[in-house]
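Novice: Starting off with a structure, shown below.
The values are calculated or read from the model by the stated rules, or taken from the named source; none is laboratory data. If you're wondering where the values come from, they're calculated on a predicted model, not measured in any experiment. Cβ placement follows ideal geometry from the backbone for every residue including glycine, while neighbour counts extend to all protein chains displayed.
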Amino acid sequence: MNNFLNPQVPELFLNLSQRFGLLLAGGFAIMTFTSIDKLGTRRDRPLWATALLVIMFGLFGALGTYTGNVVFKSYANLRGMVVITAGLFGGPVVGFGVGLIAGGHRYLIDIGGFSALPCALATLLEGTAAGLVARRFAGNSLDWRLAMGLCLVGETLHQGLVLVLSHSYAEALALVEVIALPMIVFNSLGAGLFVKALSLQTSFRQAHNRDLARQILSIANQTLAHLRAGLTATSARATAAIIMREAQVAAVAVTSGQTILAHLGAGEEHHISGGEVLTRATQRVIESGEPLFVRDRLDISCPEPGCPLTEAIIVPLRKGDTILGCLKLYGTRRRHLDETLFELAKGLADLFATQLELENIGIKNQLLAHAEIRRLQAQINPHFLFNSLNTIASFCRTAPAQARVLILDLSRYMRRNLDSSRGLIRFSDEIDQTSAYLAIEQARFGKRISTELDMGPDVGNCITPPLIIQPLVENAVRHGILPKPEGGLVRLTAWRESNHLLVEIHDDGVGMLPDQVRAINSSVELESLTEGIGARNSNQRLVQLFGPDYGLKVSSAPGEGTSITLRIPQ
């Protein structure tokens with residue numbers, strides 16, 4: 001009770017509260033105008049960030065010594081709340097470093113009292129202990145209750161060290177009776193408030209980053225289908241419309257070189273799609289390759305006197321090392337831009353660059369697919385042509401009319417085959433080629449080969465990669481039914497379902513072993529001529545063109561025949 005009766009205690013409470021408020025205001029100002037939360041307790045924090053935290057908190061801790069309250073040649077101070085916060089926020093290295101700076105400063109400015117050493121030692125211990133606690137509770141150290149508890153223990157230890165290490169116990173006791181309660185209360189309260197503020201700032205930034213990432217991914221997901229064909233006037237206009245709707249900006253523009261591919265929103269009456277780029281700010285970005293945030297109408301430099309655009313975010317659109325154009329977000333006097341939209345635009349530009357790179361990959365895949373078709377033709381033509389000519393030759397004397405029909409079938413087959421490397425073809429053309437193949441094979445093997453074709457309505461106009469169906473039918477004939485002495489049936493069924501063409505090739509032949517079924521869906525390079533014209537090749541080309549969900553579905557067992565189903569998106 002004696003400390004409450006001491007007339008210096010209420011005065012010290014009043015003075016400390018004033019300095020406490022100023023110190024908190026300064027700390028909150030620093031946290032508001034800086035990204036201190038980005039330098040938090042991550043283990044991969046760079047050395048420069050650690051040094052920055054130590055220096056910043058260390059100077060702030062040293063400032064906490066100067067409260068203007070000198071009692072018995074000792075400072076009633078607010079260092080504890082700073083070093084405790086630094087340790088919990090930055091970890092052991094930061095806590096020790098800040099404690100060393102703030103404590104060392106207190107020791108060096110000894111004003112002739114007896115508490116310099118215990119005060120400096122207590123400050124060092126508080127910072128180090130807080131850092132060790134932060135390591136122990138990694139991810140949960142920014143808890144205001146933990147901060148207040150640590151500061152309560154630390155400042156109590158501080159007063160104990162003053163009593164133990166001072167040469168005059170009586171003088172030390174007199175000092176502690178005056179400063180103990182105010183320092184414990186304000187340091188504990190300050191540590192709790194500081195840590196809570198840091199925690200709220202970190203949570204706010206994380207929530208903001210999540211929202212920004214969600215917005216970027218939403219826009220990217222919607223624009224993906226449009227940019228797949230490259231940067232064109234059509235894809236640019238669709239992309240600009242999506243960004244304008246999602247980002248709620250005054251205008252959006254996409255340029256290619258010196259041409260405006262699309263401009264939607266404010267100013268579109270003179271920033272005309274298909275016209276030349278008007279603003280010098282865009283020219284600067286194309287020349288420098290650096291994103292630009294322009295906050296003044298004069299800096300945009302639009303030559304149109306009545307242009308409503310007052311702010312602009314301009315980011316380059318790259319394809320490898322080449323700048324193809326720019327993505328531009330515009331603001332007006334009524335609808336302003338901010339740093340969040342700047343980050344959004346830069347994130348979208350990166351994603352668009354990736355998508356434009358994928359366009360190149362897609363083109364290369366198409367070229368590879370065409371090259372594979374040419375390889376198939378080189379394999380199929382000699383193999384099939386040799387057998388077909390032998391069959392026709394055998395009919396020339398015994399059945400000239402049938403030989404003539406077979407020559408026409410062969411001609412039809414070869415004509416389709418020679419024209420099959422032009423890309424996607426009509427399904428009716430693929431069936432026409434397959435029918436010609438089956439007619440020749442039936443002439444060779446007679447009643448051992450039976451066929452059924454069941455074509456659903458409107459399937460003829462569907463599109464399909466060339467040389468997909470015929471190799472599967474040939475596989476069913478050669479490896480399915482011909483190994484059986486009595487032969488068998490090959491049934492081809494096609495129908496439309498949910499914007500897809502579905503085709504099933506079924507045979508009642510000898511079937512396949514499980515290892516053979518798995519080999520069809522294997523991505524291992526094809527090893528032989530037989531494999532190259534069969535199911536594995538068709539499977540790999542479907543996956544290459546349309547993705548892994550479009551591989552062949554194979555159902556087979558020894559002695560039970562084989563069914564192969566494929567889907568082709570329309």
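Novice: Considering the stretch 439-483 alone, what residues qualify as being of a type in the set (Ser, Thr, Tyr) and surrounded by fewer than 21 Cβ atoms within 10 Å (Cβ to Cβ)?
Specialist: Once the filter is applied, which keeps residues that are of a type in the set (Ser, Thr, Tyr) and surrounded by fewer than 21 Cβ atoms within 10 Å (Cβ to Cβ), the stretch 439-483 yields Ser450, Thr451.
Novice: While we're here: On the basis of being assigned to a helix (DSSP H, G or I), modelled with pLDDT of 70 or more and within 30 Å of Leu472 (Cα to Cα), does Ala371 make the cut?
Specialist: Considered against the rule, which asks whether it is assigned to a helix (DSSP H, G or I), modelled with pLDDT of 70 or more and within 30 Å of Leu472 (Cα to Cα), Ala371 comes out as no.
Novice: Filter the stretch 489-508 down to residues that are within 12 Å of Ile564 (Cβ to Cβ) and of a type outside the set (D, E, K, R) and give me whichever is surrounded by the most Cβ atoms within 10 Å (Cβ to Cβ).
Specialist: Ranking the qualifying residues of the stretch 489-508, first place goes to Val490.
Novice: Residue by residue through the stretch 533-570, note down the ones that are within 19 Å of Phe427 (Cβ to Cβ) and among the aliphatic types (A, V, I, L, M).
Specialist: Ala535, Leu542, Leu545, Leu552, Ile564, Leu566, Ile568
Novice: Right, something else. Applying the selection to the stretch 539-562, what residues are crowded, with 17+ Cβ neighbours inside 10 Å, more than 29 Å from the chain's Cα centre (by Cα) and on the phi < 0 side of the Ramachandran plot?
Specialist: Matches in the stretch 539-562: Asn539, Leu552, Val554, Ser556, Thr562.
Novice: So Asp338 ticks every box in (1) over 23 Å from Gln355 (Cα atoms); (2) surrounded by 13 or more Cβ atoms within 10 Å (Cβ to Cβ) but one. Which box is left unticked?
Specialist: (2)
Novice: Among the residues in the stretch 92-114, are any out of contact with any strand residue (DSSP E or B) (no Cβ under 9 Å at 6 or more places or on another chain) and within 18 Å of Val178 (Cα to Cα)? Steps first, please.
Specialist: Of the stretch 92-114, the ones out of contact with any strand residue (DSSP E or B) (no Cβ under 9 Å at 6 or more places or on another chain) are 92-105, 107-108, 110, 112.
If we keep only those that are within 18 Å of Val178 (Cα to Cα) too, we end up with none.
The answer is no, given that none of the residues of the stretch 92-114 is out of contact with any strand residue (DSSP E or B) (no Cβ under 9 Å at 6 or more places or on another chain) and within 18 Å of Val178 (Cα to Cα).
Novice: Would you check which residues across the stretch 63-107 are at pLDDT 90 or above and among the aliphatic types (A, V, I, L, M) and list them?
Specialist: Matches in the stretch 63-107: Met81, Val82, Val83, Ile84, Ala86, Leu88, Val93, Val94, Val98, Leu100, Ile101, Ala102.
Novice: Quick check, is Thr340 at pLDDT 85 or above and polar (S, T, N, Q)?
Specialist: no
Novice: Quick one: what pairs do we get from the stretch 87-105, first residue over 17 Å from Cys151 (Cβ atoms), second of a type in the set (Lys, Arg), C-beta under 8 Å, 6+ apart or different chains?
Specialist: Every condition considered, the pairs that remain are Gly91/Arg135; Pro92/Arg135.
Novice: Here is a further query. If I go through the stretch 172-197 residue by residue, how many of them are of a type outside the set (Val, Ile, Thr) and under 15 Å from Cys119 (Cα atoms)?
Specialist: Of the residues in that region, 6 qualify.
Novice: Here is a further query. Is it the case, given these coordinates, that Thr239 is surrounded by 15 or more Cβ atoms within 10 Å (Cβ to Cβ), modelled with pLDDT under 90 and in contact with a His (Cβ under 8 Å, 6 or more places away or on another chain)? Break it down stepwise before answering.
Specialist: On the way: surrounded by 15 or more Cβ atoms within 10 Å (Cβ to Cβ): yes; modelled with pLDDT under 90: yes; in contact with a His (Cβ under 8 Å, 6 or more places away or on another chain): yes.
Judged against the criteria, Thr239 is a match.
Novice: Related question: Only one of (1) without any contact (Cβ under 8 Å) to a residue 40 or more places away in the chain; (2) surrounded by fewer than 20 Cβ atoms within 10 Å (Cβ to Cβ) is not met by Ile260, so which one is it?
Specialist: (2)
Novice: May I ask you to list pairs of residues, at least six apart or on different chains, whose Cβ atoms are under 6 Å apart, with the first in the stretch 153-181 being among the small types (Gly, Ala, Ser) and the second being not in a helix (DSSP H, G or I)?
Specialist: Ser166/Phe114; Ala172/Ser166
Novice: For Ile55, indicate whether it is surrounded by fewer than 19 Cβ atoms within 10 Å (Cβ to Cβ), closer than 26 Å to Ala138 by Cα, at pLDDT below 75 and out of contact with any Phe, Trp or Tyr (no Cβ under 6 Å at 6 or more places or on another chain).
Specialist: For Ile55, the condition - surrounded by fewer than 19 Cβ atoms within 10 Å (Cβ to Cβ), closer than 26 Å to Ala138 by Cα, at pLDDT below 75 and out of contact with any Phe, Trp or Tyr (no Cβ under 6 Å at 6 or more places or on another chain) - is not met.
Novice: Restricting the stretch 149-184 to residues that are among the acidic types (Asp, Glu) and surrounded by fewer than 20 Cβ atoms within 10 Å (Cβ to Cβ), which is nearest to Leu78 (Cα to Cα)?
Specialist: At the first step, the residues of the stretch 149-184 found to be among the acidic types (Asp, Glu) are 155, 171, 177.
From what's left, surrounded by fewer than 20 Cβ atoms within 10 Å (Cβ to Cβ): 171, 177.
Details: Glu171: 21, Glu177: 17 Å.
It comes out as Glu177.
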